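What follows is a set of notes on a single structure, which appears directly below.
The values are calculated or read from the model by the stated rules, or taken from the named source; none is laboratory data. All figures in this text were calculated on a predicted structure; none of them were measured in a lab. Cβ coordinates were reconstructed from backbone atoms using ideal geometry, including for glycine residues, and neighbour counts include every protein chain displayed.
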Amino acid sequence: MADIALEDRNPAARQDNQDPAIFGQTPSQTVGPFFHYGLPWKGGADLIGKSDMGARPELFGEDHYVLNLSAPTGTPTGEAIELAGIVCDHDGEPVVDAMVEIWQANAAGRYRSADDPRDDIAIDPHFVGFGRSSTSEAGEFRFRTVMPGRVPGPGGSLQAPHIAVSLFARGVLRRLATRIYFAGSDGLADDPVLALVPAERRDTLIARRDGEGVWRLDLRLGGEGETVFFDL
């Protein structure tokens, strides 16, 4: 059989292989959307109990929703809190496929990390300090954790209680890092990191309690009230 040129066997091959007439638009695959059976896990957003917070069961096939729940070894010391917010885009629309991670000290101000060399403050054996939440179909993230204690800052200062946040979302090429502080907490007026933020934008980092006692702070990727994100 005589050789037949590819373009003769498939006329479409003569066109540019990026031609939308052949393939259509390629989906955005920068940082998200995410594989929900791999990254979030049942209980990933519950740092103090045993619930399935953090994952979205409706996005899992029944056969894939088999990840184990987190297995707490006991009840952490400190004030239990709930933290929630909406991830919004530049236009104020909810981002329904973002992922939020938190990292924090325990109630006494000690991180569960070898990088925290202090021996005068005990590690809480029942508190890891790391959590992960996917956003809901309304763009909401939600965590159960403890109010963090104050940790050392530059020059021997003490930082106000805060939680470090990493945000991942479609269209975001690198994770976004920020902090969540708590309105009315000790040291808020003197926190050395918060002081680096222009006064008129500090409210974008300060959570406040709603009528149900939940600490709330929305994370805005742009537009009015854009969250202050830190250089990495």
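Observations on the structure shown:
- Condition check for F182: within 17 Å of G54 (Cβ to Cβ) and at pLDDT 90 or above: no
- Residues of region 162-181 that are of a type in the set (A, V, I, L, M) and more than 16 Å from V228 (Cβ to Cβ): A169, L173.
- Scanning region 164-193 for residues that are in contact with a helix residue (DSSP H, G or I) (Cβ under 6 Å, 6 or more places away or on another chain) and not in a strand (DSSP E or B) turns up just one, P192.
- Each residue in region 215-232 was checked for being part of a loop (DSSP other than H, G, I, E, B) and over 17 Å from I102 (Cβ atoms), and 7 of them qualify.
- Residue in region 211-220 that is in contact (Cβ under 8 Å) with a residue 40 or more places away in the chain, under 27 Å from I48 (Cβ atoms) and in contact with a His (Cβ under 6 Å, 6 or more places away or on another chain) present: no
This table checks each residue for (1) of a type in the set (D, E); (2) within 24 Å of G211 (Cβ to Cβ); (3) in contact with a helix residue (DSSP H, G or I) (Cβ under 6 Å, 6 or more places away or on another chain).
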position	(1), (2), (3)
I81	no, yes, no
D89	yes, no, no
R110	no, no, no
I121	no, no, no
P154	no, no, no
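- When residues in region 135-157 are screened for being in a loop (DSSP other than H, G, I, E, B), touching a strand residue (DSSP E or B) at 6+ places or on another chain (Cβ under 7 Å), surrounded by 19 or more Cβ atoms within 10 Å (Cβ to Cβ) and on the phi < 0 side of the Ramachandran plot, 2 of them pass.
- Qualifying residue in region 195-214 (condition: part of a strand (DSSP E or B), under 18 Å from T135 (Cα atoms) and charged (D, E, K, R)): no
- Here region 82-112 is the region considered, the condition is being β-branched (V, I, T) and buried (at least 19 other Cβ atoms within 10 Å of the Cβ), and the residue that is nearest to H162 (Cα to Cα) is I102.
- Filter pass, V165 being without any contact (Cβ under 8 Å) to a residue 60 or more places away in the chain, of a type in the set (V, I, T) and touching a strand residue (DSSP E or B) at 6+ places or on another chain (Cβ under 8 Å): no
- Hits in region 173-198 - residues which are surrounded by fewer than 16 Cβ atoms within 10 Å (Cβ to Cβ) and either closer than 19 Å to D218 by Cα or touching an Asp or Glu at 6+ places or on another chain (Cβ under 6 Å) (or both): R175, A177, A183, G184, P198
- Search result, residues across region 75-115 that are without any contact (Cβ under 8 Å) to a residue 24 or more places away in the chain and under 24 Å from K42 (Cβ atoms): R112
- Any hit, region 177-187, residues being farther than 30 Å from P40 by Cα and in contact with a strand residue (DSSP E or B) (Cβ under 6 Å, 6 or more places away or on another chain): yes
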